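To start, the structure itself, in structure tokens.
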Amino acid sequence: MLTSPKLFVAYDFSNPSKAKEFSKKINPEQCGIKVGKELFTSGGPAIVEWLQSKGFKVFLDLKFHDIPTTVKRACYVASELGVWMLNVHAMGGNDMLSAAKEGVDQSNQNPYLIGVTVLTSMNNDNLNEIGINHSMNKQILKLALNVSTHKLDGIVCGASDIKGIKPSLPKDFIYVTPGIRLLSNANNDQKRIISPEDAIKAGSSILVVGRPITESKNPALTAEEIIKKIS
Ligand code: C5P
């Protein structure tokens, strides 16, 4: 059973100072932090360790996608950092998924390992552009089944994608869903968006929310509003 904050704030900041400053505005009892490529490239493992020292659970969102050995080694060192969750692109294929799992299992830590299905910034036209001519739902189901077969803990997907795939997946599978927007928010570059309460109704386990919180005039209040809506 997953015991965690249901809300992870996407720390898409350009440097560690901004991340540290923002951390005064949110509460580690209420939300975890997703560290992605931008912040990790500027702040490295030190910012992950700093956030963890302040009591935040860290979801390291580096979406590894490479040859199996490279991904295995990357997953091993990411796990050793003590992060609570990390992820790989399911489109990297089955050998890569299996290598990722081996990397995590060889570490002395036990983070959740998640496979990214189709980014929520993509729609059917974007899938066609890269040569995938079947539907979004079919592609997400195929990738989710591969993730589950290789004993990863769950997937990243759009919340509205869950309904069609859940019956085919394990009961304790974790669904991490970005693309969350409050009524007052702009879509930004997200194409498959949903409100926090609808995401939970749809079966999300964890909501990833970036700009609606980080660009809010009152981030603590916005985070609290979201938590109220999903509790
Ligand atoms: O600002 P916003 O709420 O759109 O941030 C969403 C975050 O979730 C970003 O950090 C983005 O990289 C990440 N993400 C996503 N879609 C996925 C996986 C991760 O938007 N499928």
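The values are calculated or read from the model by the stated rules, or taken from the named source; none is laboratory data. Computed from a predicted model, the values in this text were never measured in an experiment. Glycine gets a Cβ as well: all are built from the backbone with ideal geometry, and neighbour counts include every protein chain shown. Heads up: the accessible areas ignore ligands, DNA and RNA and are worked out on the full protein's heavy atoms, side chains in. Shrake-Rupley method; radii C 1.70, N 1.55, O 1.52, S 1.80 Å.
Data for the structure
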| quantity | calculated |
| --- | --- |
| Fraction of beta bridges assigned by DSSP in region 7-230 that are antiparallel (%, nearest 5) | 0 percent |
| Alpha-carbon centroid distance for the pair region 8-43 / region 162-211, whole angstrom | 20 Å |
| Only Lys, Arg (+1) and Asp, Glu (-1) charged, at Cβ; the chain dipole about Cα centre in debye | 380 debye |
| Whole-number accessible area per residue in Å² for region 6-63, which is evaluated in the context of all protein chains at 1.4 Å | 44 Å² |
| Loop trypsin sites (Lys or Arg not before Pro), region 134-201 (other Cβ atoms within 10 Å of the site Cβ: 11 or fewer; DSSP) | Lys171 |
| Contour minus Cα-Cα distance for Ser168 and Lys25 (0.36 nm per residue) | 47.5 nm |
| Solvent-accessible heavy-atom area per residue, rounded to whole Å², over region 101-231 at 1.4 Å | 50 Å² |
| Cα gyration tensor shape for the chain, rounded if a/c is under 1.5, else prolate or oblate | oblate |
| Förster-model FRET efficiency, 41 Å R0, Ala220 and Asn124, C-beta, rounded to 0.05 | 0.60 |
| Virtual spin-label span in nm between His65 and Ala46, 7 Å along Cα→Cβ | 3.0 nm |
| Carbon and sulfur %, accessible surface of region 7-230 computed with the full protein complex present, 1.4 Å | 49 percent |
| Surrounding net charge for Lys34, when Lys and Arg each add one and Asp and Glu each subtract one, Cβ distance under 14 Å | +2 |
